[in-house]
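What follows is calculated from the coordinates using simple rules that are stated; it is not laboratory data. Fair warning: this is a prediction, and the values are worked out from it, not measured in the lab. Here Cβ is always computed from backbone atoms with ideal geometry, including for glycine, and neighbour counts include all displayed protein chains.
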């Protein structure tokens, strides 16, 4: 954030000029700031800081995941892995439960399951007693991919679990933010 001590302070910028396509050395340029500038110094509140921490943490976890999958030459996204792991843990899962548990919307889940089905990783079926409800289960290929991905994550030390107390606190925090809570 840029702050001025006095209204007549100057701002010094550095940039590269190009003459006839040749880059010249960096040189400072001084731009006077007047008291009429509309700039304001706004301090973020605590919720803003927390939001950034959560977003940054999520980004870092995803980056670690993608680095590990790239190194292992496994073609799987973070969201695909979450869905496959959820189905592997439960055996057979209703679409409605995946929507709720993975915090997905219907169109995202539909696209995701379509991709996974076309790759031969999952099977989808309608429930015999309710033709509107779909269930998802893993194929042997799907189980194999989940097992390989989990082994890669274990091998590279992808363990951010923390203490049971930290996990309980994060679960409670997530539930407090959920519109379903």
Give the peptides 111-118, 135-142 in descending order of average Cβ contacts within 10 Å, highest first.
135-142, 111-118
Run the quick spin-label model on residue 154 and residue 105: label points 7 Å from Cα toward the beta carbon, then report their separation in nm to one decimal.
3.7 nm
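Starting with the highest mean, order 89-101, 56-68 by the number of other Cβ atoms within 10 Å, averaged over the residues of each peptide.
Top to bottom by mean Cβ count within 10 Å: 89-101, 56-68.
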Per the 1/(1 + (r/R0)^6) rule, R0 = 30 Å and r from the Cβ atoms of residue 177 and residue 67, FRET efficiency to 0.05 is 0.60
Roughly what would the spin-label model give for residue 51 and residue 85, points 7 Å off Cα along C-beta, in nm?
2.7 nm
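Shape verdict for the stretch 98-180, please, from the Cα gyration tensor: rounded (a/c under 1.5), prolate (a/b greater than b/c) or oblate.
It comes out oblate by the Cα gyration axes.
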Point-to-point label distance, residue 163-residue 59, nm (Cα→Cβ direction, 7 Å offset)
2.9 nm
